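Comments concern the structure below.
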There are 2 protein chains.
Amino acid sequence: MKDVAKELNVSVVTVSKVLRGHSDIGPETRERVLRRVQELGYRPNLAARGLVTGRSHMVGVVVPELKHAFFGEIAAAVGSRIRRGGYRMLIASSEEGRDLEIESIEALLAHQVDGLIIASTLTEADRGVFRRIEKHNVPYVLVDRDIPGLKANFVGVDDEAIGTIATEHLIQRGNRRVAHIRGPETSTSIGRLRGYMNTMARHGLTVPGGYVAKVEHSDVEAVAGGFQAMQRLLAMDLRPDAVFCHNDLVAIGALRAILSLGMRVPADVALIGVANSRYVDLLTVPLSSIDQNATQIGDRAAKLLLRRIEMGSKPRPARILVPVKLIVRDSSAIPITEEQLHEVGELREATA
Amino acid sequence: MKDVAKELNVSVVTVSKVLRGHSDIGPETRERVLRRVQELGYRPNLAARGLVTGRSHMVGVVVPELKHAFFGEIAAAVGSRIRRGGYRMLIASSEEGRDLEIESIEALLAHQVDGLIIASTLTEADRGVFRRIEKHNVPYVLVDRDIPGLKANFVGVDDEAIGTIATEHLIQRGNRRVAHIRGPETSTSIGRLRGYMNTMARHGLTVPGGYVAKVEHSDVEAVAGGFQAMQRLLAMDLRPDAVFCHNDLVAIGALRAILSLGMRVPADVALIGVANSRYVDLLTVPLSSIDQNATQIGDRAAKLLLRRIEMGSKPRPARILVPVKLIVRDSSAIPITEEQLHEVGELREATA
DNA sequence: TTGAAAGCGTTACCAA
DNA sequence: TTGGTAACGCTTTCAA
């Protein structure tokens, strides 16, 4: 910048102003500066600018697992949205670990991010971290996993609604012995469980002991976890005829367990997962699932954060729930009713 | 920092030194400073530090699609590796677009990243961008896709080897009419094609006109592309009995096309893809694939970049090819030979 | 062992 | 419309 200024016999202030599109600059001066800057391919040092403006134009993003498609999609949506506002993403993975998540947040703050988007694995006990963030006056938005007892901006899905929709769907298709394979102790898993329980109760259906199986990991080991949980369910006297699974991986494990015992899906046991992951429509038995709309979560979270950053003031936390979508495939296809069978029979007779 | 210094009646310099573990500091002073810093939860402003030291401790990462599992995995590996060196990831998605990629690189440079890792969609014609990077004295490493004619650090797989291994495998299992569905004009796609061609030639097998079909997109639309390409191949007089597909998505499209015509995989047509994506082992027909080892690509690239950053000097570009792995599943399972059938027959007779 | 002064590249403020 | 000066929060250098 100094160089440009010297060459053109203007001050650095003038150059700075031109670069920021400041109004009171002579049109001729502006031209000269612009041209030279263009030629040199000069770009202002954003770190230096940030030091004086207090704006780094970086947003910190913390996810539990970047290689997880769901979080990758959220990050992609966040990146796309904030880029249009002139921001970039400083991203960190907590690898599902408490300490690493805290350390990541601290590091991003040290890098002077203007805001944070966090898919947290923390609990209410860790609220200290969020106090720290607030002390830095950095707005933040929680995505996917909410932290009970923390008043913070949140964008995610209504997990209870997921539980309700999935369970309702299974009941609608005629199942009565509906079991649930739940995930670990996160708001996500607890919400889905609640939706399941409430829906069962509303329909006057009992949930026999053992009908809520649990897998300890919702990630890599979830397939194995789902497999084992399903085996336990199938070993019960009162075998379930449908299972709402915490996510698609669990459902895939469950599917394998069922098929490996020579039973059929959905004839013997119907199955539904959550996430609507890529490829689940291509499984041996195409899997019904509930789409969580990761792109919309990321987009809304970014929009909200940008608004908070640009506001300065601190209004009461927003809570945004994006709609989910039930995707019915073979694993929970609506069975053909007797009436329909009759109709087919009549049709056959008629055409014969 | 000023506050800490004033409170303790020492200078900011002293505090700064303590924080960086500088040697010549009185043990008692160090204690006092450390304690107070701890209490306040103070962390130095990395942007300000960077302004002085010329090191931002940020690495820029540019990928074509963050939501793509392959790049997510690379990014995860990069993040994990550089974190241990005290670096963070400033990440940008080019969304497979030339202009956006260039703009992203420029922006990351403006943010003063210490190094760049780029999965590029650019061609030799865009070498100007890389000159720019070099002018900034920022080391960079290309991953996955190399740019012909550009002498740069590169970490990726040997795409020609992929083509060779896949084709060789199909030939080994007895196929002679081996076709290829190739991808768009990238180094990746071209390398795989070359491997295919050379291997066919080495075995004295001809590649009839039309045996190399092409899909224009390797991403979202690849399934549809693979489907159509496969339909064309199946409509030929001399129908292929095996197809090496550019990637798993293409292979899935091809699989659908085959099954939808009532043909079987691998009995009528054997299939192999590339990427070994999650879930491909769970398809109607479990898909053979070649694993590209994204984690290792990311890890090696990050290691290389860190070394270059810490070196200062600029040695000649490194070129690292990580090993790939053939994963044989049902879609190209080794067929049972007549001899083996006889053996089974004899066995039966013996046991009878 | 400690600290005063200078400076990193930029913008804010105010005067010319 | 233009620019001088101070300041952002830190590190480097060098003198005490």
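The values are calculated or read from the model by the stated rules, or taken from the named source; none is laboratory data. Note that this is a predicted model, so its numbers are computed, not measured. For neighbour counting, all protein chains shown are included, and Cβ atoms are generated from backbone atoms with ideal geometry for every residue, glycine included.
What do you reckon, is residue B:313 surrounded by fewer than 22 Cβ atoms within 10 Å (Cβ to Cβ), outside any helix (DSSP H, G or I) and more than 12 Å from chain A (Cβ to nearest Cβ)? Yes, satisfied.
With respect to residue B:254, is the statement that it is touching a Leu at 6+ places or on another chain (Cβ under 7 Å) and at pLDDT 95 or above true? Let's see the steps before the verdict.
Values: touching a Leu at 6+ places or on another chain (Cβ under 7 Å): yes; at pLDDT 95 or above: yes.
For residue B:254, the condition - touching a Leu at 6+ places or on another chain (Cβ under 7 Å) and at pLDDT 95 or above - is met.
Please work out if residue A:75 is at the interface with chain B (Cβ under 7 Å from one of its Cβ atoms), within 16 Å of the chain's Cα centre (by Cα), buried (at least 20 other Cβ atoms within 10 Å of the Cβ) and in contact (Cβ under 8 Å) with a residue 24 or more places away in the chain. It is true that residue A:75 is at the interface with chain B (Cβ under 7 Å from one of its Cβ atoms), within 16 Å of the chain's Cα centre (by Cα), buried (at least 20 other Cβ atoms within 10 Å of the Cβ) and in contact (Cβ under 8 Å) with a residue 24 or more places away in the chain.
In the range A:1-25, which residue that is near DNA strand C (Cβ under 8 Å from one of its atoms) and closer than 24 Å to residue B:131 by Cα is farthest from the other protein chains (Cβ to nearest Cβ)? Per the criteria, the residue is A:2.
Okay, residues lined up against (1) modelled with pLDDT of 95 or more; (2) closer than 17 Å to residue B:163 by Cβ; (3) in contact with a Leu (Cβ under 7 Å, 6 or more places away or on another chain):
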{"position": "B:232", "(1), (2), (3)": "yes, no, no"}
{"position": "B:237", "(1), (2), (3)": "yes, no, no"}
{"position": "B:240", "(1), (2), (3)": "yes, yes, yes"}
{"position": "B:259", "(1), (2), (3)": "no, no, no"}
{"position": "B:267", "(1), (2), (3)": "yes, no, no"}
{"position": "B:270", "(1), (2), (3)": "yes, yes, yes"}
{"position": "B:273", "(1), (2), (3)": "yes, yes, yes"}
{"position": "B:286", "(1), (2), (3)": "no, no, no"}
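Residue count for the range B:12-25 satisfying the condition of being in contact (Cβ under 8 Å) with a residue 24 or more places away in the chain and either more than 12 Å from DNA strand D (Cβ to nearest atom) or not hydrophobic (A, V, I, L, M, F, W, C) (or both): 1.
If you go through the range B:78-94 and keep only what is surrounded by fewer than 18 Cβ atoms within 10 Å (Cβ to Cβ) and farther than 18 Å from residue A:67 by Cβ, you end up with B:85, B:86.
Looking at this structure, is residue B:108 in a loop (DSSP other than H, G, I, E, B) and either within 9 Å of chain A (Cβ to nearest Cβ) or in contact with a Leu (Cβ under 9 Å, 6 or more places away or on another chain) (or both)? No; evaluated as a whole, the condition is false for this residue.
Number of residues in the range B:277-292 that are surrounded by 24 or more Cβ atoms within 10 Å (Cβ to Cβ) and part of a strand (DSSP E or B): the value is 3.
Each residue in the range A:242-251 was checked for being within 13 Å of chain B (Cβ to nearest Cβ) and touching a Leu at 6+ places or on another chain (Cβ under 8 Å), and 2 of them qualify. Within the range A:47-72, the set of residues being within 10 Å of chain B (Cβ to nearest Cβ), touching a residue at least 24 places away in the same chain (Cβ under 8 Å) and under 27 Å from residue B:65 (Cα atoms) comprises A:56, A:57, A:58, A:60, A:61, A:63, A:65, A:66, A:68, A:69, A:70, A:71.
Candidates are the residues of the range A:81-94 that are within 7 Å of another protein chain (Cβ to nearest Cβ) and under 17 Å from the mean Cα position of the chain (by Cα); the one that is nearest to residue A:59 (Cα to Cα) is A:89.
Condition check ((1) surrounded by fewer than 21 Cβ atoms within 10 Å (Cβ to Cβ); (2) away from chain A (no Cβ under 13 Å); (3) closer than 24 Å to residue B:49 by Cα) across all residues:
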position	(1), (2), (3)
B:112	no, no, yes
B:120	no, yes, no
B:123	yes, yes, no
B:133	no, no, yes
B:145	yes, yes, no
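Restricting the range B:26-46 to residues that are farther than 24 Å from residue A:107 by Cβ and without any contact (Cβ under 8 Å) to a residue 12 or more places away in the chain, the residue that is nearest to DNA strand C (Cβ to nearest atom) is B:26. Of the residues making up the range B:252-309, those that are within 12 Å of chain A (Cβ to nearest Cβ) and under 16 Å from residue B:323 (Cβ atoms) are B:275, B:294, B:295, B:298.
Checking the range A:30-39 against the condition returns a match, with at least one residue being within 14 Å of chain B (Cβ to nearest Cβ) and either near DNA strand D (Cβ under 9 Å from one of its atoms) or exposed (fewer than 15 other Cβ atoms within 10 Å of the Cβ) (or both). Answer yes or no as to whether residue B:140 is hydroxyl-bearing (Ser, Thr, Tyr) and away from chain A (no Cβ under 11 Å). Here the answer is yes, as residue B:140 does meet what is asked.
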